[in-house]
1. Any idea which of GLN28, GLN70, GLN116, GLN93 is of a type in the set (S, T, N, Q), surrounded by 13 or more Cβ atoms within 10 Å (Cβ to Cβ), more than 16 Å from the ligand (Cβ to nearest atom) and in a loop (DSSP other than H, G, I, E, B)?
2. What are the residues in the stretch 243-257 that are in contact (Cβ under 8 Å) with a residue 60 or more places away in the chain, within 16 Å of the ligand (Cβ to nearest atom) and of a type outside the set (Val, Ile, Thr), if any?
3. Between a residue in the stretch 209-232 that is among the charged types (D, E, K, R) and any residue that is in a helix (DSSP H, G or I) and modelled with pLDDT of 95 or more, which pairs come within a Cβ distance under 6 Å, given they are 6 or more apart or on different chains?
4. Condition (residue is modelled with pLDDT under 95 and either touching a helix residue (DSSP H, G or I) at 6+ places or on another chain (Cβ under 6 Å) or buried (at least 21 other Cβ atoms within 10 Å of the Cβ) (or both)) applied to the stretch 306-323: is it met by at least one residue?
5. In a helix (DSSP H, G or I), surrounded by 19 or more Cβ atoms within 10 Å (Cβ to Cβ) and near the ligand (Cβ under 10 Å from one of its atoms) - does that describe any residue in the stretch 104-112?
6. Go through (1) within 13 Å of the ligand (Cβ to nearest atom); (2) among the charged types (D, E, K, R); (3) over 24 Å from the mean Cα position of the chain (by Cα) for GLU84 and report which single condition fails.
7. Return the pair list, or none, for Cβ contacts closer than 8 Å from residues in the stretch 56-73 that are within 19 Å of VAL247 (Cα to Cα) and of a type in the set (Phe, Trp, Tyr) to residues that are outside any helix (DSSP H, G or I) and within 11 Å of the ligand (Cβ to nearest atom), at least 6 apart or on different chains.
8. How many of the residues making up the stretch 32-53 are closer than 19 Å to GLN127 by Cβ and near the ligand (Cβ under 9 Å from one of its atoms)?
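The values are calculated or read from the model by the stated rules, or taken from the named source; none is laboratory data. Small disclaimer: the values here were computed from a predicted structure and weren't measured. We place every Cβ from the backbone using ideal geometry, glycine too, and count neighbours over all the protein chains shown.
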Amino acid sequence: MRVTALAGGVGGARFVRGLLHELREVRQDRDSEVVVIGNTGDDITLFGLRICPDLDTLLYTLGGGVDESQGWGRADESHTVQQELAALGAQPQWFGLGDRDFAAHIARSQWLGQGQTLSQVTERLAQRWGLPDQGVRLLPATDTPIETHVVIDDPAGGEQAVHFQQWWVQLLAAVRAHRFTVAGLGQAVPAPGVLDALRTSDVILLPPSNPVVSIGIILGIPGVRDALRGSRAPVVGVSPIIGGAPVRGHADACLAALDVEVSATGVAGLYADFLDGWLVDDADAAGAAGLRAEVRSLDLRMRDVHGAARIAGAALDLATDLSSRRTA
Ligand code: FO1
């Protein structure tokens, strides 16, 4: 079986870790291929280095090197370089970069500078984190540099666009976002293997990542949404909203910018043209009626890898049931 997941930051990475645990440990399935298509709209260039937060969060989480308390960045981290950068007056200082994390950005920037693609760079980083041994391939959504920007009010009047990370980290997403734009999206093409994975998978999963700035950006890359619409595989998603609030992060502020209701049903509406199955928390079971997608409810709290595996297993089961109905 080939399973493809579109993933963003912390929630997506934890879900994919659960998916691999469910397949490899619980179901003893070591043959199924897992392809993860990672969001690159969060990417940012700082101190002359290309930083890919969602890809790194997936690498560190799946590779066992993530700081579990944050969900991003490295465990056992130190910040000597950043402190020295601050002493030198290098800006900005609002984005926390640890010494181990810097090594990934230096290597990535060196390899990109030598003409390697982001896919090739990501494959080398995935090797370091043992992803091939887990039977998982991590593909950037696109090798074309893109960046999500957030349009907010300009204190001097009118509007201004800031990088997503500045809005998310420095402004804590507390400044109202009017809309999101993605620099470079018009020239973006899906990275090698992305469309093939969507077209040949047996199951396509949407983890509980941010539907606007993570999954939404991947969907915006020309060709991706059409591939999902035309896929023979059932597309099963997991709601990132429980009881009207995001499990983590600022998905509510992102949905508000799109005038979308902060609810499991509101998010399902963003995927309505291709979604076949939708997992909602028990708290949202009643409200999720009326969707074209088949809805199932369960406890969506991913407290640990076992909780994530349970949810991933429910998504796989729903996909299997949908497939068997199609072939019947
Ligand atoms: N998130 C924060 O809230 N504060 C930070 O200083 C921060 C630094 C950072 C550095 C590297 C990295 O890979 C992620 C980092 N994040 C930080 C998380 C990041 O903003 C989000 O995980 C994603 O971009 C949104 O999914």
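1. Values: GLN28 fails: surrounded by 13 or more Cβ atoms within 10 Å (Cβ to Cβ); GLN70 fails: more than 16 Å from the ligand (Cβ to nearest atom); GLN93 fails: more than 16 Å from the ligand (Cβ to nearest atom).
Result of the check over GLN28, GLN70, GLN116, GLN93: GLN116.
2. First, the residues of the stretch 243-257 that are in contact (Cβ under 8 Å) with a residue 60 or more places away in the chain: 247-250, 253-254, 256-257.
From what's left, within 16 Å of the ligand (Cβ to nearest atom): 247-250, 253-254, 257.
Selection gives ARG248, GLY249, HIS250, ALA253, CYS254, ALA257.
3. ARG225/LEU219
4. Taking every residue of the stretch 306-323 in turn, none turns out to be modelled with pLDDT under 95 and either touching a helix residue (DSSP H, G or I) at 6+ places or on another chain (Cβ under 6 Å) or buried (at least 21 other Cβ atoms within 10 Å of the Cβ) (or both).
5. We begin by selecting, within the stretch 104-112, every residue in a helix (DSSP H, G or I); these are 104-112.
Pick out the ones that are also surrounded by 19 or more Cβ atoms within 10 Å (Cβ to Cβ) and you get 104-105, 108.
With near the ligand (Cβ under 10 Å from one of its atoms) added as a condition, the list becomes 104-105.
Taking every residue of the stretch 104-112 in turn, at least one turns out to be in a helix (DSSP H, G or I), surrounded by 19 or more Cβ atoms within 10 Å (Cβ to Cβ) and near the ligand (Cβ under 10 Å from one of its atoms).
6. The single condition GLU84 does not satisfy is (1).
7. From residues that are within 19 Å of VAL247 (Cα to Cα) and of a type in the set (Phe, Trp, Tyr), the pairs are TRP72/GLY9; TRP72/VAL66.
8. Counting residues in the stretch 32-53 that are closer than 19 Å to GLN127 by Cβ and near the ligand (Cβ under 9 Å from one of its atoms) gives 1.
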